[in-house]
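**Q** For reference, the structure I am asking about is given below.
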Amino acid sequence: MLVFFENLAEIKNMGRKIFKIYSLKIFSLIILTGIFILSGPTLSKDLSGIYKEYVVQDFETEIFGEENVKAKLGPDFNPEVRISTVFRTPERESEKSLYVELSAEKNQSFQILFKKPWASNEFVKEFKFHVYANDGGGSLFILVRDSTLDQKKILLTHFNFSGWKVLSLDITRKVRQDDLVTHKNSELVFLGFLYEAPFERKRGTREVFVIDDILAKTRPKYLLFPGEKALVK
């Protein structure tokens, strides 16, 4: 009987130890969760200040015309591409914009390429566009070259709206911006636009779209968290 009670006491002691261990683990987990929740807003606040905004193109000084258009059907089918002083975004103090018009007889896809492509060695999070449309039915893509040196098209919008819109395009997961192989700064290059025409367009109709100020939000490509040895990629 004495051995039985000693074993029973030992079992109770082991139970208390196990209970204390699990209690400490649960308490530590609660404390860590609270620290993470409380530090979240501070961390996001710290990171929000690292972004800068740049003007990619405001169409105020450069000339755009047929020389910027690349199409398959030749100059007779090219759209009207020119700088306009009439269509201007109400969101910014703008004097000029890029005006594009095409009729049903010129219903084709084409590219509008910058003479001087915009490039950045920083990490580009998003582009912002001021766009006007007349519900013409076409689609607009941006053309970029990333760190793989491949040209990629990324959908910006379908022209199924009328009037002005401010469009934000987050490209974080759409292109590669890390430095490959060489470990040298690799550029993200904004080459221009690709317009894709609808399958058919009614005779006598036309599509008009206008692109005004284009902005880019960037940050340093490799950045340490405050007080942490972790890279923000």
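The values are calculated or read from the model by the stated rules, or taken from the named source; none is laboratory data. No experiment lies behind these values; they were computed from the predicted model shown. Reconstructed Cβ throughout: ideal geometry from the backbone, glycine too, with neighbour counts over all protein chains shown. Just so you know, the surface numbers come from the protein's heavy atoms only, side chains and all, with ligands and any DNA or RNA stripped out. Shrake-Rupley method; radii C 1.70, N 1.55, O 1.52, S 1.80 Å.
**Q** Could you work out Rg/(2.2 N^0.38 Å) for segment 52-219, with Rg from alpha carbons only?
**A** 1.05
**Q** With the full set of protein chains in place, find how many percent of the accessible area of segment 82-196 is carbon and sulfur; take the probe as 1.4 Å.
**A** 45 percent
**Q** Simple spin-label model, 7 Å along Cα-to-Cβ: ALA104 to LYS125 in nm?
**A** Using points 7 Å along Cα→Cβ, the separation is 4.6 nm.
**Q** Could I ask something else about it? How much length, in nm to one decimal, is gained on full extension between VAL55 and SER168, taken as 0.36 nm per residue of separation minus their Cα-Cα distance?
**A** Stretched out fully, the VAL55 to SER168 stretch lengthens by 39.3 nm.
**Q** Net charge near LEU140, counting Lys/Arg +1 and Asp/Glu -1 over other residues with Cβ under 12 Å of its Cβ?
**A** It works out to a net charge of 0.
**Q** Amide H to amide H under 5 Å from PHE64: which residues, 5+ apart in sequence or cross-chain, H placed 1.01 Å off N in plane?
**A** The answer is ILE83.
**Q** Give the peptides 50-60, 102-112 in descending order of average Cβ contacts within 10 Å, highest first.
**A** Highest-to-lowest ranking by the protection proxy: 102-112, 50-60.
**Q** Further question: Determine the per residue accessible area of segment 47-164 with all protein chains present and a 1.4 angstrom probe, expressed in square angstrom.
**A** Details: 6230 Å² over 118 residues.
Counting only protein heavy atoms, the per-residue value for segment 47-164 is 53 Å².
**Q** Continuing with this model, one more query. So how much slack lies between LEU149 and LYS202, counting 0.36 nm per residue of separation and subtracting their Cα-Cα distance, in nm?
**A** 15.2 nm
**Q** Per-residue HN-Hα couplings for segment 144-152, Karplus 6.51 cos²θ - 1.76 cosθ + 1.60 at θ = phi - 60°, whole Hz, x for Gly and Pro?
**A** Each residue of segment 144-152 in turn: 10, 10, 9, 5, 7, 6, 8, 8, 10 Hz.
**Q** What's the long-distance tail for segment 87-153, i.e. % of Cα pairs beyond 17 Å?
**A** Pairs farther apart than 17 Å: 60 percent.
**Q** Residue separation times 0.36 nm, minus the C-alpha to C-alpha distance between ASP76 and LEU113: what's the value?
**A** On the way: separation 37, 0.36 × 37 = 13.32 nm, distance 1.85 nm.
That works out to 11.5 nm of additional length.
**Q** Filter LYS106/LYS152; LYS96/LYS202; LYS52/LYS125 down to the pairs with a C-alpha to C-alpha distance above 20 Å, please. Walk me through the intermediate numbers first.
**A** Values: LYS106/LYS152 25 Å; LYS96/LYS202 30 Å; LYS52/LYS125 10 Å.
Distance filter (> 20 Å) returns LYS106/LYS152; LYS96/LYS202.
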